Each structure stands twice: as C-alpha cells, then as structure tokens.
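Chemist: Dumping the structure here so I can ask a few things about it.
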Amino acid sequence: MLEVKNVSKQYRGEDKLLFDAVSDVSLSMEDHCIYALVGESGCGKSTVASILTGKNKGFGGSVTIGGISIKEINENSLMKSITYIGHNSYIFKGTVRENLLMAANVKDEELWRVLEQVNLANFLKSENGLDTFINEKASNISGGQRQRLALARALLHNSDIYIFDEATSNIDIESENDIMEQIIKLAKAKTVILISHRLANVVNADNIYVMQDGNIIESGAHTELLKNNSVYANLYNSQIQLENYTKGV
C-alpha cells in the first residue's frame, strides 16, 4: 500500500516569495488498483509524482510504501519499487535490445513478448529486429513508437508501483489506445497511478483524485464525481463537448 499523508511542498517564486506547490495532500492507494490524479495544468499533479519517485525532497508530511517511509528507502530500492513513465520518455541512443535490457537482464524471447504486448513487434520485425538502432532522442521513430518502447521497458522492470505522467499525450490515437489497454491490464497485478489531462483515459480508475491549486478538492469513482456536478464533472463534460465538436468538423 502507498500512503501519502498531509504532504506539502513549497517553492520560491521569481519574486523570491514562497508559494505552495502542493498543500496538505493525502492519498491512500491499495495494491492492484488504478488511481488517477487529474486537474488543470499547474495544479500540482507532477509535483506529487516527483515526490513519490524520490526526485523531490524536502517536503512536509509523510509518504510510505508498505508502511516504510520513502525517506528511509535508499535510492536504488526506491527505483526498484517505482517505475515512472513520462510524456516524453527518454530512449537511449543504441539498439532496441540495449534499451530494453536496461530494465531487466532477460532472454530475447522475453523481449519479444513485451514488444508483442505493446504492438511494436511487427514494426521491428520489418526493420532490424532487436538490433534496430535508435537515434539520439529516438528521432528516427515516431512519438507513438517511442512511448510503446518505453512501456515495453517499463513492463520488463516489473516494479510494484507504476506512475504514468501524461504518458499518452501528443501521440497518435492508436498508440494511446494500445498503451491505455496495457495500463488497465497492468493494474490487475500492480498499483498504477495515472496522471492525465485527458479525462476520457481515467474513467475506469478505481479512484480519481481531483487537484486544484495544490489541493485535493474531490475524490471518487468517475460516475460518483459526475453526479457531484462539480469541478471534475465540468472538466470532463467540457472535454467531451470539445472532442465531439472536433470530430464533427
């Protein structure tokens, strides 16, 4: 179980005054579930993610994994417990095999298994297989292919907790749908935290935490939050209307 209790984090702005990036945030996340963090840009979602991964220190409150404070967990152990996938996942210059083996030292059969899982195998078989060379910043493959490869590497890492921070933004719809399908399957065995500006991607979450100005202002399942007819419902309905309008153009 992942527990976040009364976490706060301050930054010093350009005017040298302190401001709260997140304030008194509490989350409770069970194993084998999907949790979503949503809200408008700048509400504090990614700050929470950076605290959970240990990248952002000096926060108030407590974060525990399995009852142990992350402040007491060394960096290597924390990296084994949590896998972070961002919107622009870094793929190293080198072969597909080399990139995947950074997550786990496994045989080629296992590498192909996860590539099949993320629907990247056929593309690579048409190239040079596992020896397909990836340029710096993955400039020779599409954004969707880059994120699929990042997801394959993440699956090989096999950690207890996965954080997807806008992992499907700015990629093609087919890749987005494939990645979301794998995220839902992953939650059957792992704790998954999904940070997404596109609320259509979080409707199946077990619990959705809605953030505003660094605070949790609502939480619940999708249908429950729609019934509340508050911030989440307004955001969701506005997005659906915009997407329907765009499709009709």
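The values are calculated or read from the model by the stated rules, or taken from the named source; none is laboratory data. In this text the structure is predicted, and so the values were computed from the model without any measurement. Every residue, glycine among them, receives a Cβ derived from its backbone with ideal geometry; neighbour counts consider all protein chains shown. Areas reflect the complete protein model, heavy atoms only, side chains present, ligands, DNA and RNA absent. Shrake-Rupley method; radii C 1.70, N 1.55, O 1.52, S 1.80 Å.
Chemist: Over the stretch 63-106, average the accessible area per residue using a 1.4 Å probe and give it in Å², no decimals.
Modeler: Each residue of the stretch 63-106 exposes 59 Å² on average to a 1.4 Å probe.
Chemist: Putting +1 on Lys and Arg Cβ atoms and -1 on Asp and Glu Cβ atoms, find which of Met211, Ser50, Asn135 reaches farthest to the positive end of the dipole of the chain.
Modeler: Asn135
Chemist: Beyond 19 Å between alpha-carbons counts as too far, so tell me which of Lys55/Lys80; Lys125/Lys190; Lys93/Lys137 fall in that bin.
Modeler: Lys125/Lys190
Chemist: Quick one: net charge of Asp160's neighbours, Cβ under 10 Å, K/R +1, D/E -1?
Modeler: Around Asp160, the surrounding residues sum to +1.
Chemist: Right, next: In debye to the nearest 20, how big a dipole does the stretch 1-146 give about its Cα centre with +1 on each Lys and Arg Cβ and -1 on each Asp and Glu Cβ?
Modeler: Around 300 debye, computed over the stretch 1-146.
Chemist: What accessible area per residue, rounded to a whole number of Å², is obtained for the stretch 118-175 using a probe radius of 1.4 Å?
Modeler: Spelled out: the 1.4 Å probe surface of the stretch 118-175, per residue, equals 43 Å².
Chemist: Charges only on Cβ, +1 for Lys and Arg, -1 for Asp and Glu: so what's the dipole of the chain about the Cα centre, in debye to the nearest 20?
Modeler: Values: 24 positive and 31 negative charges, 73 e Å.
Dipole size: approximately 360 debye.
Chemist: In percent, what relative contact order does the chain have, based on Cα pairs under 8 Å that are 6 or more apart in sequence?
Modeler: Values: 438 pairs, mean separation 65.8, N = 249.
It comes to 26 percent, rounded to a whole number.
Chemist: Based solely on its DSSP helices, what 222 nm [θ] is calculated for the chain when runs of n ≥ 4 H residues each add -39,500 (n - 2.57) and the sum is averaged over all residues, nearest 500 deg cm²/dmol?
Modeler: Value at 222 nm, helices only: -10500 deg cm²/dmol.
Chemist: Provide the per residue accessible area, probe 1.4 Å, for the stretch 192-249, rounded to a whole number of square angstrom.
Modeler: That works out to 54 Å² for each residue.
Chemist: In addition: Find which of Ala221, Ala200, Tyr162 sits farthest along the positive direction of the dipole of the stretch 162-249, computed with +1 on the beta-carbon of Lys and Arg, -1 on that of Asp and Glu, about the Cα centre.
Modeler: Ala221
Chemist: For an R0 of 41 angstrom, estimate the FRET efficiency from the Cβ-Cβ distance between Asn228 and Asp131 and round to the nearest 0.05.
Modeler: 0.20
Chemist: Tell me which of Thr95, Gln145, Tyr232 sits at the most positive position along the dipole axis of the chain, charges placed on C-beta atoms (Lys, Arg +1; Asp, Glu -1).
Modeler: Positive-most Cα among the choices belongs to Thr95.
Chemist: How far apart, in nanometres, would the label points at Glu14 and Thr95 be if each is projected 7 angstrom from Cα along the Cα-to-Cβ direction?
Modeler: 4.8 nm
Chemist: Per residue of the stretch 76-93, in order, report the coupling 6.51 cos²θ - 1.76 cosθ + 1.60 (Karplus, θ = phi - 60°) as ³J(HN,Hα) in whole Hz, putting x for Gly and Pro.
Modeler: Whole-Hz 3J(HN,Hα) from phi for the stretch 76-93: 5, 5, 5, 5, 6, 7, 10, 10, 10, 10, x, 6, 9, 4, 7, 10, 7, 5.
Chemist: Listed highest first by mean packing, meaning other Cβ atoms within 10 Å per residue, what order do 227-236, 202-211 come in?
Modeler: Details: 227-236: 15.2, 202-211: 20.9.
For the peptides 227-236, 202-211, the packing ranking is 202-211, 227-236.
Chemist: Given a 1.4 angstrom probe, I'd like the percentage of the accessible area of the stretch 144-249 that is carbon and sulfur, rounded to a whole number.
Modeler: Carbon and sulfur atoms account for 46 percent of the accessible area of the stretch 144-249.
Chemist: If packing is taken as the average number of other Cβ atoms within 10 Å across a peptide's residues, how do 66-73, 136-143, 33-40, 215-222 rank, most packed first?
Modeler: With the highest mean Cβ count within 10 Å placed first, the list reads 33-40, 215-222, 136-143, 66-73.
Chemist: While we're here: Counting only protein heavy atoms and using a 1.4 Å probe, what share of the accessible area of the stretch 1-118 belongs to carbon plus sulfur, as a whole percent?
Modeler: Details: 3230 of 6580 Å².
After summing per-atom areas, the C and S share lands at 49 percent.
Chemist: I'd like to verify something in the chain: which complete DSSP H helices, judged by Cα projection on the helix axis, reach 20 Å or more and average at least -0.5 on the Kyte-Doolittle scale?
Modeler: Result, helices passing both filters: 143-157.
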